[in-house]
Amino acid sequence: MKRVLLACLLGAAASLVQAGAKIEQWLAPSGARVVFVESRVVPIVDVQIDFAAGAAYAPADKAGLAGLTRSLLDMGAGGLDEEKIADRLADIGARLGGGADNDRASLSLRTLSSPREREAALDLMRLVLQQPAFPATVLEREKARTIAGIQEADTRPASIATKRFMAALYPDHPYGRFATVESVGRISRDDLEAFYRSHYGARRAVVSIIGDLSRAEAEAIAQRLTQGLPDAPPEVSLPDTAMPARSTVRVDHPASQAHIYLGLPAVRRGDPDHIPLLVGNYILGGGGFVSRLMKEVREKRGYAYSVYSYFQPQKQPGPFQIGLQTKREQAGDALKVVEDVLAEFLARGPTGEELEAARRNLADGFPLRIDSNRKLLEYLAIIGFYGLPLTYLDDFPRKVEAVTVADIRAAFARHVKPAHFVTVIVAGD
Amino acid sequence: MTRKLLFIAALALSASALANPHEKTLANGLRIIVQEDRRAPTAVHMAWYRAGSMDEVDGTSGVAHVLEHMMFKGTKNLKPGEFSKRVAAAGGRDNAFTSRDYTAYFQQVPAPRLGEMMALEADRMANLVLDEKEFEQEIKVVMEERRLRTEDNPQGLVYEKLLAAAFQAHPYRRPIIGWMNDLENMTAADARDWYRRWYAPNNAYVIVVGDVNKDEVFRLAERHYGRIPRGALPGRKPQLEPTQVGIKRIEVKAPAKLPYLALAWKMPVLRDINKEREPYALEMLAAVLDGHDAARFARNLVRGSKIAVSAGAGYDATVRGEALFFVSGTPAEGRSVADLEAALRAEIARVASEGVSVQELERVKIQTIAAQVYKRDSMMAQAMEIGRIEATGIHWRDINTLLEKIRSVSAEEVQAVAKKYFGDATLTVAVLDPQPLPEGAPQKSAPTTRH
């Protein structure tokens, strides 16, 4: 209670500036990596734990296993059934969240920082992490819901486009796989147990903590959350990706709007080209209303409501992707504009003026990326999980300022090679 | 438990007692609402106009949203696209959104750049230029948006048809994005008319949340917005929906795999925040059904009987127009929409006959308290809270009153509204009848071509 009062007084009197927040990192006795920022501005504690247990770690014939394992964690644990867990969380206003992407399975908790609520919330988180029951009836139900979701998604052009795109970028690689009706059908309770035991270990875990608590408290929390995890083997590398042959995939669909994706496997987390690619991408299609793709595809021609490009760095090279939707009769024309814009950008890079505008936005606007605990937590998790330097945030504005046109051209030449472009068009005429 | 949490929340919220929202009204009627929040050197700046799709007329549905798009397309001082460039140059991000009751524009910037944002926003409040050529391109963009959100989105279609059926007279029957045919026949003059009619400082309010000083903000607002003359606002016809006197059922066929069901009952709206009780009880009811993961729909229908793969309920008491209580869901494999409809309604009937437990109410109340604390982590969330409540004519100072009123709802009051408002006579039901895709469509593809 005193701490809350103190926090309130601080909040009222001082200007607690988050930019340049002090990030601390250590290895817990359990072997888990911990990343922490003390932030007294609001009486909230956010904890996230990430495991190298994402979709890419599931066996090929059981795609969906990673997601199901993660989602069943809080559907029965430590003698409490899913109803009791839900009730107890609701009773203290705590929220459990997270999910699984290709690389990571995440469990996140947001709780009030008052000691009683916080302890109760963390206790539930610990139970869910360390004693999941994976009840068979719950698994059957969740398999059925997952299958229903897959069947529905397979009728939607956006979903179809995503699946075909990833499959073409990553044939014979886990990044290209999605759960199917068949693969989910094969998953058993034993599979969940086995996946959990072999992937949810402390040495494969990163705990990120931000909020109204001290370093000492964070140490205790991280250790308590991870000391009872299964003794899982250390992380194995994901297989290497290969560069796909250039190709175009067309899929029929009755929708009024074509969905178009263009891209290739491009960049790993921690790649030294990260900043030049980010800055270049801002100019090309990441900067929203001011990007080249927006200007040419939307502003000038009215071809699309949404057109964008981005890099998605992962453990193995994640995609560079351009995406848009346009009425089906226009698919060919819109794609041609995208290809021309991209080709021009690859050939000549940005103009000096565009680069300066990008620098101004990304460097000067940096505080917007970290002006809440929630936003900072996401960065902590990425820094911790991907082993990025603790100075990642502090370095960002400086590195952005230092980028040159030549840097961007060179980085794009290395990572965005037309010989490997995959284009997917769903519902185009 | 609740009392303790209330104390904690009160402390947390009173921490900003010094930064409690402050307000000033300029001579031209523009209200400026400032909430100081020094946790980070950034600020949110929003301009809200009390004009939305409900103020449109047949034949030009969608114009409120189209004008929102056109607000980025040039003023007497800025070229088309220049607005966003200037925000970006200040290290900021910007966007806008249109609803039935309001249209709002915002930027998030490093705090020192607030003045520039006010200058930009004030400029387009007064000096928008609607160029024919720009309009011709942007209307195409809006049509693509409609295709994305509605034409190709089966559940979006269901929702659109549901509202159009539930309301016969009230303007809420029209979609915010507009009917496609209206978009195809819209002109720049329509957008210009809309702008001239509604975009005046006395029909707007500005919200700033962030690392700012209120007096400085008022000074900046006076400087940038102060010179804009007030406008003569047209009267608004209430267009109240006649009492519904019988159930309505519609079907929507669209390419999909799973059926979907949406129900809407006519409800009272919150107008007198102090005297009325039923809207608060209805908000409680919606939360008891679907306010968190331990609520009744998830517990009984998704997990318990497994009749639904998903189910939801919602009610918004604070709207400018008419209120609806929504219930929706997707049946599980092998269960029919009819079964699901019966099950959803049975849950409400059970509240009517058996009531709700004190514990259930406590749980919902704790959610609302916790949510207020969590909102303190986001300047945007705080600005949105103020913006939305003000759009309905409720003062931001009454936000705490609203929360207290909801927390004061009794189990008897929840049971009473469950008994009173969920018969057939005021119900509209929309069902998605999924149409299979043409034979083999998702799988078929042209052989991949090598270039």
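Could you give log10 I(q)/I(0) at q = 0.11, 0.12 Å⁻¹ for chain B, computed by the Debye formula over C-alpha point scatterers of equal weight, without solvent? Evaluating at q = 0.11, 0.12 Å⁻¹ gives log10 I(q)/I(0) of -1.01, -1.17. Cα centroid separation, segment A:361-429 to segment A:287-301: 20 Å. Taken as Cα centroids, segment A:110-125 and segment B:362-406 sit 23 Å apart, rounded to the nearest whole angstrom. Within segment B:22-39, which residues have the backbone N less than 20 Å from the label spot 7 Å out from B:LEU233 along Cα→beta-carbon, could you tell me? The answer is B:23-34, whose backbone nitrogens lie closer than 20 Å to the label point. A Förster radius of 45 Å, combined with the Cβ-Cβ distance separating B:ASN181 from A:GLN312, puts the computed FRET efficiency at roughly 0.70.
If you take all C-alpha pairs in segment B:178-285, what percent of them are over 24 Å apart? Result for the distance tail: 65 percent.
Note on segment A:268-338: dipole from Cβ charges, positive end direction compared against A:PRO276, A:GLY287, A:LEU335; the farthest Cα belongs to A:LEU335.
Distance between the pseudo-spin-label points of B:ILE247 and A:VAL181 (7 Å out from Cα toward the beta carbon): 3.2 nm. Under 12 Å from a label point 7 Å along Cα→Cβ of B:LEU240: give me every residue in segment B:256-281 with its amide N that close. Inside the label zone: B:269. Semi-axes of the equivalent ellipsoid of segment B:362-427 are 27, 17, 11 Å, computed as sqrt(5λ) over the eigenvalues of the C-alpha gyration tensor in descending order. Taking both sides together, the accessible area buried where A meets B is about 7000 Å² for a 1.4 Å probe.
Only DSSP H runs of four or more residues enter the estimate; each adds -39500 (n - 2.57), and after division by the residues of chain B the mean residue ellipticity at 222 nm equals -12500 deg cm²/dmol. Between B:GLU82 and B:GLU136, what's the calculated FRET efficiency when r is the beta-carbon distance and R0 is 22 Å? Round to 0.05. E(calc), rounded to 0.05, equals 0.70. The residues packed around B:ASP55, meaning those with a beta-carbon under 10 Å from its beta-carbon, carry a net charge of +4 if Lys and Arg are +1 and Asp and Glu are -1. For chain A, the extents of the C-alpha atoms along the principal axes are 61, 55, 36 Å, listed from largest to smallest. Calculated FRET efficiency, A:LYS295 to A:ALA242, Cβ-Cβ distance, R0 = 30 Å: about 0.30 to the nearest 0.05. For B:VAL252, the shell of other residues with beta-carbons less than 14 Å away shows a net charge of -1, using +1 for Lys and Arg and -1 for Asp and Glu.
Percent relative contact order of chain A, based on C-alpha pairs within less than 8 angstrom and at least six residues apart? Here the relative contact order equals 21 percent. Counting only protein heavy atoms and a probe of 1.4 Å, the accessible surface of segment B:248-435 is 51% carbon and sulfur.
Going by the alpha-carbon gyration tensor, a ≥ b ≥ c the square roots of its eigenvalues, is segment B:41-99 rounded (a/c under 1.5) or, if a/c is not under 1.5, prolate (a/b greater than b/c) versus oblate? Judged from the Cα gyration tensor, segment B:41-99 comes out oblate (a/c at least 1.5, b/c at or above a/b). Placing one equal scatterer on every Cα of the protein assembly as shown and applying the Debye formula, the log10 ratio I(q)/I(0) at q = 0.06, 0.07 Å⁻¹ is -0.41, -0.58. Report the paramagnetic label zone for A:ASP123: residues of segment A:186-225 whose backbone N is under 19 Å from a point 7 Å from Cα along the Cα-to-Cβ axis. Within reach of a label on A:ASP123, which here means backbone N under 19 Å from a point 7 Å along Cα→Cβ, segment A:186-225 contributes A:217-218, A:220-225.
When the C-alpha to C-alpha distance is required to be over 31 Å, the pairs from A:LYS84/B:LYS248; B:LYS85/B:LYS257; B:LYS140/B:LYS161 that qualify are A:LYS84/B:LYS248; B:LYS85/B:LYS257. Spin-label pair A:GLU140-A:ASP172: with each label point 7 Å from Cα along the Cα-Cβ axis, the two points sit 4.0 nm from one another. Note that segment B:248-435, at 4 °C in a medium of 1.567 mPa s, gets a Stokes-Einstein diffusion coefficient of 74 µm²/s from its Kirkwood radius over C-alpha pairs.
Of all DSSP-defined beta bridges confined to the protein assembly as shown, some 80% are antiparallel rather than parallel. Only the Cβ atoms of Lys and Arg (+1) and of Asp and Glu (-1) were treated as charged; on that basis the dipole of segment A:134-245 about its Cα centre amounts to roughly 200 debye. The stretch between A:GLU356 and A:ARG116 holds 81.3 nm of extra length on full extension. This uses 0.36 nm per residue minus the Cα-Cα distance. Per the Kirkwood formula applied to alpha carbons, segment B:20-224 shows a radius of gyration over Rh ratio, Rg over Rh, of 1.00. Between segment B:125-150 and segment B:304-321, the alpha-carbon centres lie 33 Å apart.
Accessible area of A:LYS336 (1.4 Å probe, protein heavy atoms only, ligands and nucleic acids ignored): about 110 Å². Among B:ASP182, A:ASP46, B:ASP131, the sequence by solvent-accessible area, most first, with a 1.4 Å probe is B:ASP131, B:ASP182, A:ASP46. A crude spin-label estimate for the pair B:THR401 and A:ALA343, with each label 7 Å from Cα along the Cβ direction, gives 6.5 nm. Taking the Cα centre of the protein assembly as shown as the origin and placing charges on Cβ (Lys, Arg +1; Asp, Glu -1), which of A:LEU213, A:GLY64, B:VAL417 is farthest toward the positive end of the dipole? My answer, from the dipole projection, is A:LEU213. Charges were assigned to the Cβ only: +1 to each Lys and Arg, -1 to each Asp and Glu. The resulting dipole of chain B about its Cα centre is roughly 580 debye. Note on B:THR25 and B:ARG277: the extension gain reaches 87.6 nm, defined as 0.36 nm multiplied by sequence separation minus the Cα-Cα distance.
Compared with the alpha-carbon gap, the fully stretched path from A:ASP333 to A:GLN223 is longer by 33.9 nm at 0.36 nm per residue. Ordering B:GLY178, B:VAL142, B:TYR205 by the projection of their Cα atoms onto the charge dipole of segment B:20-224, which places +1 on the Cβ of Lys and Arg and -1 on the Cβ of Asp and Glu, puts B:TYR205 at the extreme positive end. Basic side chains Lys and Arg get +1 at the Cβ, acidic Asp and Glu get -1 at the Cβ, and with that the dipole of the protein assembly as shown about its Cα centre reaches some 680 debye.
Once the 1.4 Å probe is applied to the protein heavy atoms, the protein assembly as shown comes out at 38 Å² accessible per residue.
The values are calculated or read from the model by the stated rules, or taken from the named source; none is laboratory data. From a predicted model like this one, the values you see are computed outputs, not experimental measurements. As a convention, Cβ positions derive from the backbone with ideal geometry for all residues, glycine included, and neighbour counts pool all protein chains shown. Keep in mind that these areas ignore ligands, DNA and RNA; they rest on the heavy atoms of the full protein, side chains included. Shrake-Rupley method; radii C 1.70, N 1.55, O 1.52, S 1.80 Å.
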